[in-house]
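J.: Here it is, the structure in full.
The values are calculated or read from the model by the stated rules, or taken from the named source; none is laboratory data. Quick caveat, the model's predicted, so the values are computed rather than measured. Neighbour counts run over all protein chains shown; Cβ positions are idealised from the backbone, glycine included. For the accessible areas, the whole protein counts, side chains as well, though only heavy atoms, and no ligand, DNA or RNA atoms are used. Shrake-Rupley method; radii C 1.70, N 1.55, O 1.52, S 1.80 Å.
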Amino acid sequence: MAEHAILIVEDDSTVRELLKYRLNKKYDVATAANGEEALEQIEQKTPHLIISDIMMPKMDGFALQKKLQDDKNTRVIPFIFLTARADEPTRRQGARTGVDDYITKPFDMEQLLNRIERLLERMQVFQTQLDAEIGRDFSNRLLPKSMPEVDGYRIFFHSEAREQGGGDLFDWTQVDDGTYFITIGDVMGKGIRAKFYAFSFLSYVRATLHTLLQESTSPAQIMSRINEMLLTDEVLEDTFASFLILNWDPADHTVTYANAGHCRPVLITPDGASVAEHSDLILGLEAEATFRDETIDLAPGHALMAYTDGLLEHPVDGTEVLGEQGILEIAEPTLDTDTPIDALLDAALERGDDAFHDDVLVYWMQREA
Amino acid sequence: MGFTVESLSPTTVVIRMGEALDFRNADEFKSTFQSEIENGSVNFILDFSDTAVLDSTGLGSIFSLYRQISPDDGQVAFADVSRPVQVVVQLTRTYKVFRQFPTVDAAQEALS
């Protein structure tokens, strides 16, 4: 956790220095001798908490607190008043104006430290909850509400987001020619920042896909455009993503795909599981990167599975990861199960750690026999 | 734990990547290479001999480095790549962009 910044506002230099000396051990401390100086300090750097005397020259504690209350950016900063025992009437006034706490001088240092700690802790808890809530919200928006339903095919999907997970994304759309576009990606980074970028990225991809599909249904061409966008768009600058685009034609029983550095999809047949070999460079790195379409024929009973790196990097035996080979081995028996993804994930958890640490996303489709 | 930087020439540096480059220290790596770029370095040899962990955030920070120095004809080379790093490089096809060398010396020779 980052060091909290505390601003001490006190005209008595002895008290000010004493407070600074004690708080410096744990916090990043700034000081001001009156309300005006305090406002200047706050302008420079917003503290996490303010401790202020009431009676001061130039601008007193009440005026300072009022000013902070009037500004939405400073209203929420926890505020502790230091009051002299003689100021009982002003103390009551202090209680009325909505300060978080007040401590009577001469104060007990341990008590003050205790209250500071509690107020900061409360802020921290609130922040963590907010982050988790936003993270969950992004995760939900990055996931589909339904799956394609096509006669002669079984389709399964699973996604499990971790708070500390990254920016997994999935989307599908049906095209006028009766084919489907399925996109799976992973935006690099961890936590809420990655989820935010994944969300912005997905919005862009949806729009691009919609426009491009008027002229081309080549996943490779769409990939090139998305790559260009990542390299030129200022908001998405420094965003890198692995991406897999599938164009599935249920009438022809083919899947044409382009792969930009994403986990390679797996073809599962009664004879075994194999990797869809071809893949190109990850997106966002090189403007001249080229992408190629590859087509897979889906024979009756065959299945195709795509996933993100939370599965690939699932720890096995402490030092190893599940890896492509491990995934091939556990994918093969899924062909004959009623709930193939459950079978796959159970097998992964059985081989390695008993819980996933990262986001895990799996898409599994099978042509019925 | 910081990153050790060794200057081989006014424009070329070696950065020892240590045991891990991941979401915990990617920002530290960024500020490390940032100050080298400000000092005029354009060629970066990343020594991965001891690296057991390279996650997507870590890889992303290497991409940021590449995007900054490639307009100046700079290069990012990987030296003595450990197996876990090799797996990530294969998966993302980044060997197309980052040249790999068995040793730091071999990388230095190729870049000079």
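J.: Suppose R0 equals 45 Å; then what is the FRET efficiency for A:GLU149 and A:THR319 from their Cβ-Cβ distance, rounded to the nearest 0.05?
T.: Plugging the Cβ-Cβ distance into 1/(1 + (r/R0)^6) gives 0.60.
J.: Is there a quick way to get the dipole size of the protein assembly as shown? I mean about its Cα centre, with the Cβ of Lys and Arg at +1 and of Asp and Glu at -1; what is the value in debye to the nearest 20?
T.: 2000 debye
J.: Enumerate the helices in chain A for which the Kyte-Doolittle hydropathy averages -1.0 or more and the C-alpha atoms extend at least 18 Å along the helix's axis, using complete DSSP H runs. Working shown, then result.
T.: On the way: long enough: A:109-141 (48 Å, -0.70); A:191-212 (31 Å, 0.54); A:219-232 (20 Å, 0.29).
Span-like helices here: A:109-141, A:191-212, A:219-232.
J.: If you don't mind, there's one more thing I want to ask. Relative to the present Cα-Cα distance, how much length would full extension add between A:ASP233 and A:ASP297 at 0.36 nm per residue of separation?
T.: Gain in length upon complete extension: 19.4 nm.
J.: Write down the Kirkwood hydrodynamic radius of segment B:43-105, to one decimal in angstroms, obtained as one divided by the mean of 1/r over all alpha carbon pairs.
T.: 11.8 Å
J.: Please compute how much accessible surface disappears when B pairs with A, both sides summed, using a 1.4 Å probe, and round it to the nearest 100 Å².
T.: Adding both sides of the contact gives about 1900 Å².
J.: Hey, if you drop one equal point scatterer on each alpha-carbon of chain B and run the Debye formula without solvent, what base-10 log of I(q)/I(0) do you get at q = 0.13, 0.17 Å⁻¹?
T.: Normalising to I(0) and taking log10 leaves -0.40, -0.72.
J.: May I ask you to rank B:SER112, B:SER9 by accessible area, largest first, using a 1.4 Å probe over the protein chains only?
T.: Per-residue accessible area, sorted high to low, gives B:SER112, B:SER9.
J.: Sort all Cα-Cα distances of chain A into consecutive 10 angstrom bins from zero, then give the percent of pairs in each bin up to the one containing the longest distance.
T.: 5, 20, 22, 14, 11, 13, 10, 4, 1
J.: Express the relative contact order of chain A as a whole percentage, based on alpha carbon pairs under 8 Å and six or more residues apart in sequence.
T.: 13 percent
J.: Check cross-link reach from A:LYS195 to the lysines: straight Cα distance under 20 Å, and skip same-chain residues fewer than eight apart.
T.: Here the lysines satisfying the reach criterion relative to A:LYS195 are A:LYS145.
J.: Any chance you could run the full-extension gain for A:SER274 through A:LEU349? It's 0.36 nm times the residue separation minus the Cα-Cα distance, nm to one decimal.
T.: Separation in residues times 0.36 nm, less the Cα-Cα distance, equals 24.9 nm.
J.: Going from most exposed to least, what order do A:LYS58, A:LYS105 have by accessible area with a 1.4 Å probe? Numbers along the way, then the final one.
T.: Working: A:LYS58 160, A:LYS105 45 Å².
So the residues, ranked largest to smallest area, are A:LYS58, A:LYS105.
J.: Normalised by the number of residues in segment A:144-183, what is the relative contact order in percent for Cα pairs under 8 Å and 6+ residues apart? Each step should come with its number before you reach the end.
T.: Values: 25 pairs, mean separation 12.5, N = 40.
After rounding, I find 31 percent.
J.: Take the Cβ-Cβ distance between B:ASP73 and A:THR211 as r, set R0 to 30 Å, and report the resulting FRET efficiency rounded to the nearest 0.05.
T.: That pair, B:ASP73 with A:THR211, gives E of 0.30.
J.: Another question, if that's okay. What distance in nm lies between label points placed 7 Å from Cα along the C-beta direction at A:LYS67 and A:THR14?
T.: Between A:LYS67 and A:THR14, the simple spin-label model gives 2.8 nm.
J.: Here is a follow-up. On full extension of the chain, what length is gained from A:ARG122 through A:LEU328, given 0.36 nm per residue of separation minus the C-alpha to C-alpha distance?
T.: The A:ARG122-A:LEU328 span can extend by a further 69.4 nm.
J.: Here is a further query. Where does the charge balance sit around A:HIS262 when Lys and Arg score +1, Asp and Glu -1, over other residues with C-beta under 9 Å from its C-beta?
T.: Around A:HIS262, the charge tally is -1.
J.: What is the percent carbon and sulfur in the accessible area of the protein assembly as shown, measuring with a 1.4 Å probe over the protein chains and ignoring ligands?
T.: Roughly 46 percent of what the probe reaches on the protein assembly as shown is carbon or sulfur.
J.: Set Lys and Arg Cβ to +1 and Asp and Glu Cβ to -1, take the dipole of chain A about its Cα centre, and tell me which of A:PHE170, A:ALA260, A:ILE182 lies farthest positive.
T.: Looking along the dipole axis, the top candidate is A:PHE170.
J.: How many angstrom separate the Cα center of segment A:108-176 from the Cα center of segment A:262-333?
T.: After rounding, the separation between the Cα centres reads 26 Å.
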